[in-house]
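Report on the following structure.
The values are calculated or read from the model by the stated rules, or taken from the named source; none is laboratory data. Since this is a predicted model, take the numbers as computed values, not measurements. Note that each Cβ is placed from the backbone with ideal geometry, even for glycine, and that neighbours are counted across all protein chains shown. Keep in mind that these areas ignore ligands, DNA and RNA; they rest on the heavy atoms of the full protein, side chains included. Shrake-Rupley method; radii C 1.70, N 1.55, O 1.52, S 1.80 Å.
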Amino acid sequence: MQPLSKIVVVGGGSSGWLAAAMLCHHLKRELCEIELIESEEIGTIGVGESTVPPFVGLIQRLGIDEQDFIRATDATYKLGIQFVGWHRRTDTYFHPFGGIGKPIGSYDFYQCWLKARARGHTSSLQDFSPCNVMAENGRFFPPSRARNTPIGGANYALHVDAALVARYLRDYAEARGLQRTEGRVTDVHRRDNGFIDHLVLEDGRQVRGDFFIDCTGFRGLLIGKALGVESIDWSEYLPCDRAIAVRTENQGPRLPYTQAIAQKSGWMWRIPLQRRMGQGYVYSSRFCSDAEARSTLLRNLGSACLDEPRVIPFSTGHRRELWKHNCLSVGLAGGFIEPLEATAIHLIARGMDFFLRYFPARDCDPALIREYNRRMTADYEEVRDFIVLHYSATDRDDSPFWQACRQIPLPESLEERIELFKSQGATREGVDELFRASSWQSIFEGMGIRPRAYSPRVDNIDYSQIEATLRTARAAIAGMVEHLPTHEQFLSSQLGESASP
Ligand code: FAD
């Protein structure tokens, strides 16, 4: 077996630099050279500011100091997502990170809570989510510093400036021996066996490699254009295909969560950073023109624009083969499932984790490629199902967009998940489990889907024990959160600033 001695990453957006940083961390430069080619002239997509908790773990695994990263990337803390107007126009619900409640004896918390609700108990499920209670009160404290307390089961992610993250990871990779090449790839040369041999840049330079990682964004220059791998189109399940994004001034205290606010033909995001906000409207071109989207966005911003709103067309789905021959596609080149749950950066990291797990020799054994593609496809499908649920379960019928959402054909796997949940509140174990049972329960509950019954196993525990536990657990979380710093205070303490309460 001949080992890979050179890997070429094409693209310097979030995916290119994250892939490069992970390779630099895991591979010794004396054994494997890593080169990244990017074209400043083409530029990056420049959005992607909300993350999920595994991102914080990834930063730690790369040996990056979290506080330093937060300072350098204009980051704020994220406890979950607030959904406004998704189930009904006037409803709001929260998807928190981390756990919700703790098992009562050997009994699942959610099942105990369902039984209590059936008996007339009035606490909401989210009263037992430390992240939700912190978010409602604008508080933040890292659960890792409060493990054996009522907020110990919480978790968090970050809101980040995508360009600053790319810059940070570039410095990280370059400090570990990565070679960066500025230039536009204009041609891809393949060998007789279909493998990529070398790339040609606009100025005639040739770049050879044993393995190529396509991070060229929606262009998919290597995986799509050169290797001809098609995309599986998920537009029948996911109605939105455009976004208009803008940077704005911050308004009021920076919230420790992302807001996803439903609109007539899609939804708006609000992502608070330290010095500004990222805002945007994700919409369906079937129901809304760019001009209408722009005016909806500007009307709802609530603070002054810092740049010109920018329209970003996108498609949802993923490459039929994310890895083919000696080419792996990562980031938008590999696939995209709209930004509602901020999963794209996670899928980039996941793609690289699996690549490192099934790390090939130069011949790229097809068995490794098959397994990689199977695992990644399962991850993509899991995320797709989770996001489709947010739209398809709506009760809204006040605009053609929301009427169409109610008619979305469900993927079979989602239909099965819904049936399973409606039966007794059970959730299917996933492959990735980015979205664990508490995430599914939160969305089901928020979208008005409740199980028909609780699991009869819960009848083996005294109801008085359930009731007493719920009472004390709820009070313990609320009592502790009351004494935590506000998000503003905690953030300022990390940045070395003085904060207003
Ligand atoms: P790009 O940023 O497009 O980078 C492509 C790179 O390839 C550039 O450096 C470019 O110069 C280079 N390139 C292209 N062609 C060539 C060539 N011929 N030669 C040399 N270089 C070339 N993700 C999240 O995780 N959270 C979010 O909140 C989130 N929000 C989003 C909102 C919207 C509206 C959209 C569309 C996406 C969002 N995403 C989000 C996804 C996120 O933006 C992307 O996953 C992420 O930015 C990665 O992009 P990329 O690096 O794959 O592509």
Exercise. Would you kindly state the longest site-free stretch of the chain, with sites defined as GluC sites (Glu not before Pro) in a DSSP loop (not H, G, I, E, B) surrounded by at most 12 other Cβ atoms within 10 Å?
Key: 237-428
Quiz item: log₁₀ I(q)/I(0) of segment 377-439 at q = 0.26 Å⁻¹, via Debye over equal Cα point scatterers, no solvent, to two decimals?
Solution: -1.14
Quiz item: How far is the Cα center of segment 1-33 from the Cα center of segment 149-200, in Å?
Solution: 9
Quiz prompt | Full-extension gain in nm, residue 68 to residue 497, via 0.36 nm per residue minus C-alpha separation | solution = 153.0 nm
Quiz item: List the trypsin sites (Lys or Arg not before Pro) in segment 167-219 that DSSP assigns to loop (not H, G, I, E or B) and whose Cβ has at most 10 other Cβ atoms within 10 Å. Which are they?
Solution: none
Quiz item: Using modelled amide H (1.01 Å from N, peptide plane; none on Pro or chain starts), what sits under 5 Å from the amide H of residue 98, excluding residues fewer than 5 places away?
Solution: 155
Quiz item: Ordered by residue, what ³J(HN,Hα) values in Hz, to whole numbers, does segment 70-78 give under the Karplus form 6.51 cos²θ - 1.76 cosθ + 1.60, where θ = phi - 60° and Gly and Pro are x?
Solution: 4, 4, 6, 10, 6, 6, 10, 8, 10
Quiz item: If all Cα-Cα distances of segment 1-120 are sorted into 5 Å bins from 0 onward, what percent lands in each bin, rounded to whole numbers?
Solution: 2, 7, 11, 13, 14, 13, 10, 9, 8, 6, 5, 2, 1, 0
Quiz prompt | Mean separation of Cα contacts under 8 Å, 6 or more apart, over the residue count of segment 98-160: relative contact order % | solution = 36
Quiz item: How much length, in nm to one decimal, is gained on full extension between residue 124 and residue 31, taken as 0.36 nm per residue of separation minus their Cα-Cα distance?
Solution: 27.9 nm
Quiz item: Of all trypsin sites (Lys or Arg not before Pro) in segment 57-135, which ones are in loop regions per DSSP and have a Cβ with at most 12 other Cβ atoms within 10 Å?
Solution: 119
Practice problem: Mind listing the long-range amide H neighbours of residue 242? Cut-off is under 5 Å, sequence gap 5 or more, other chains count too, H placed in the peptide plane at 1.01 Å from N. | Solution: 283, 285, 314
Quiz item: With all protein chains present, how much of the accessible area of the chain (probe radius 1.4 Å) comes from carbon and sulfur, to the nearest whole percent?
Solution: 46
Exercise. Using a cut-off of 14 Å between beta-carbons, work out the net charge of the residues near residue 63 (Lys and Arg +1, Asp and Glu -1, residue 63 not included).
Key: -2
Exercise. Please work out the C-alpha center-to-center distance from segment 314-341 to segment 221-241 and express it in whole Å.
Key: 7
Exercise. Any chance you could list the semi-axes, whole Å, largest first, of the equivalent ellipsoid that the Cα gyration tensor gives for segment 294-432, using √(5λ)?
Key: 32, 24, 12
Exercise. Only Cα pairs under 8 Å and at least 6 apart count here; give the relative contact order of segment 30-135 as a rounded whole percent.
Key: 19
Exercise. Would you work out the relative contact order for the chain, in percent, from Cα pairs under 8 angstrom that are 6 or more residues apart?
Key: 22
Exercise. Grab the chain and count how many Lys pairs have their alpha-carbon atoms under 29 Å apart, sequence gap of 8 or more, or different chains.
Key: 11
Self-check item: Student exercise, the chain dipole from Lys, Arg, Asp, Glu Cβ charges, in Debye to nearest 20
Solution: 820
Quiz item: So, with +1 on the Cβ of K and R and -1 on the Cβ of D and E, and no other charges, what is the size of the charge dipole of segment 65-132 about its Cα centre, to the nearest 20 debye?
Solution: 560
Quiz item: Where only protein heavy atoms count, and the probe is 1.4 Å, what is the accessible area per residue for the chain in Å²?
Solution: 41
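How fast does the chain diffuse by Stokes-Einstein, in µm²/s, taking the Kirkwood radius from C-alpha pairs at 25 °C and 0.890 mPa s?
The estimated diffusion coefficient comes to 103 µm²/s.
Nearest 500 deg cm²/dmol is fine: what mean residue ellipticity at 222 nm does the chain get from its DSSP H runs of n ≥ 4 alone, each adding -39,500 (n - 2.57), divided by its residue count? Show your work: numbers first, answer last.
Values: 14 runs with 170 residues, N = 501.
Calculated mean residue ellipticity at 222 nm is -10500 deg cm²/dmol.
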